[in-house]
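Heads up: the structure comes next, in structure tokens.
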């Protein structure tokens, strides 16, 4: 993903997929996405699901309803038990207002 901008409507769910290109395997690795506001306060931490060299992050409706509208920052981290830590992606995480948060 590199340096990117993610846009999400408040209250929406989304699937974010990241492909790792600088490693040959993610066996034994853990992945997380960290979202913080402009003051560095935590908005959400999302566990990634690893399959081969692809990591999937699920933003769920229950959590994103609590995201404040505005510009945030995010980064993804992957690490193994030998303390090899990488930051594959960073960027802006922009939350926009939704006309209807829960259409049910």
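Read-outs: derived from the displayed coordinates by stated rules, not from any lab. Since we're looking at a predicted model, the values are computed, not measured. A quick note on method: Cβ atoms are made from the backbone with ideal geometry, for glycine too, and the neighbour counts reach across all protein chains shown.
Of the candidates 87, 56, 24, which one comes out as most mobile in a Gaussian network treatment of the chain with C-alpha springs shorter than 10 Å?
Of the options given, 24 has the highest mean-square fluctuation.
Of 18, 75, 62, which is the most mobile in a GNM of the chain whose springs link Cα atoms less than 10 angstrom apart?
62
As a test, work out the antiparallel percent of DSSP beta bridges whose residues both lie in region 2-96, rounded to the nearest 5. Please report the intermediate quantities before stating the final value.
Working: 31 of 39 bridges.
Rounded to the nearest five, the antiparallel share is 80 percent.
Quick check: residue separation of residue 5 and residue 24 times 0.36 nm, minus the Cα distance between them. What number comes out in nm? Please report the intermediate quantities before stating the final value.
Numbers: separation 19, 0.36 × 19 = 6.84 nm, distance 2.62 nm.
Roughly 4.2 nm would be gained on extension.
Relative contact order for region 2-96: what percent, with Cα pairs under 8 Å and sequence separation of 6 or more? Kindly include the intermediate steps, with their values, before the conclusion.
Numbers: 217 pairs, mean separation 37.4, N = 95.
That works out to 39 percent.
Which ordering of 26, 53 is given by a fewest-first count of other beta-carbon atoms within 10 Å? Please report the intermediate quantities before stating the final value.
On the way: 26 19, 53 14.
Lowest to highest Cβ neighbour count: 53, 26.
Between residue 85 and residue 36, what length comes free when the chain is fully extended (0.36 nm per residue of separation minus the Cα-Cα distance, one decimal in nm)? Could the numbers behind the result be given before it?
Values: separation 49, 0.36 × 49 = 17.64 nm, distance 1.94 nm.
Difference between extended and current length: 15.7 nm.
Report the normalised scattering of region 2-96 as log10 I(q)/I(0) at q = 0.17 Å⁻¹, calculated by the Debye formula with identical scatterers on the alpha carbons.
The Cα Debye sum returns log10 ratios of -0.71.
Per-residue ellipticity at 222 nm for the chain, helices alone: DSSP H runs ≥ 4 residues times -39500 (n - 2.57), over residue total, nearest 500 deg cm²/dmol? Present the calculation step by step, with values, prior to reporting the outcome.
Values: 1 runs with 4 residues, N = 104.
Counting only the DSSP helices, I get -500 deg cm²/dmol.
Any idea what log10 I(q)/I(0) is at q = 0.19, 0.22, 0.26 Å⁻¹ for region 44-88, Debye with uniform C-alpha scatterers and no solvent?
-0.76, -0.92, -1.09
What residue among 12, 39, 47 has the largest mean-square fluctuation in a Gaussian network model of the chain, using Cα springs under 10 Å?
It is 39.
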